[in-house]
Amino acid sequence: MSLRSFIKSFIPHKTPTPFLEKVRSGLAGGIAILLLAWALYALPQHSYPLLMLGSMAASAVLLFASPHSPFAQPWNLVGGHLVSALAGWVCIVLIPDPAIAAGVAVGTAIFLMHYLNCLHPPGAATALTLVLAGGQFHDMGGRWVAMIIIANVLISLLLALLINNVLPGRRYPVQATASMPPKLEPTVIPELADIERALEQMDGVIDVSAADLSVIYDKAQAHAKDRLDKQLKRD
């Protein structure tokens, strides 16, 4: 990569998203977090309160700003947070050093999400949250921590299903489609006979011979190749 291309890579990538859609995304995400907080507060509270995880805010970005993304689909949301929480919990139980536990928890969470096809970036934040607040969560016990994770994830999923299917131009979830390799079309270069046949099919008068058109075509192709070569050298 040239220095010019490297510098250009820092320029913000503009998206064609309409302004109204950006407003909808912000409102939907904010309303979803508000409803999540109310729902957690309204659920039965036993020995410890049902906390709202900070990673749910990151999930809200995917769920309501990019609901058609593969990372935002239900299995990614649910599976990603659950396996990441499991990774975080195991690390706070087995690894006393918080720095080492944080690294192992996040790395393990990424591996498990990849392996189980439920990659959801906010899930790694869930694993890290459990490690950073290890003392608090350890006192609460694994059962209550599991209830917190499940409540946060399932309520977020229900809100995503409700809000995204009410807003215009959205559908959630999106069915996975198998990726197909692109079909390669054979390169065909017109010959003089092809140009003559094309001229016969023209309705108007073309004041140029087939031989001249063939020469023009060859020159244009040479110019195009030269332009492409120069572009590749600049990049």
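Since every read-out is calculated from the coordinates, none of them should be taken as a lab result. Computed from a predicted model, the values in this text were never measured in an experiment. No Cβ is skipped: glycine too gets one built from the backbone with ideal geometry, and neighbour counts run over all protein chains shown.
Per-structure values
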| quantity | calculated |
| --- | --- |
| C-alpha long axis of helix 55-65 to longest principal axis of the chain, angle in ° | 30 |
| Bins of 5 Å from zero: percent of alpha-carbon pairs in the chain | 1, 6, 10, 11, 11, 10, 9, 7, 6, 6, 5, 5, 4, 3, 3, 2, 1, 0, 0 |
| Highest to lowest packing among 155-162, 170-177, scored as the average C-beta count within 10 Å | 155-162, 170-177 |
| Nearest 10 degrees, 0 to 90: helix 98-115 Cα axis against the chain principal axis | 50 |
| Shape call, segment 1-100: gyration tensor on alpha carbons, a/c limit 1.5 | oblate |
| Cα long-axis angle, helix 122-132 against the chain (0 to 90 degrees, to the nearest 10) | 30 |
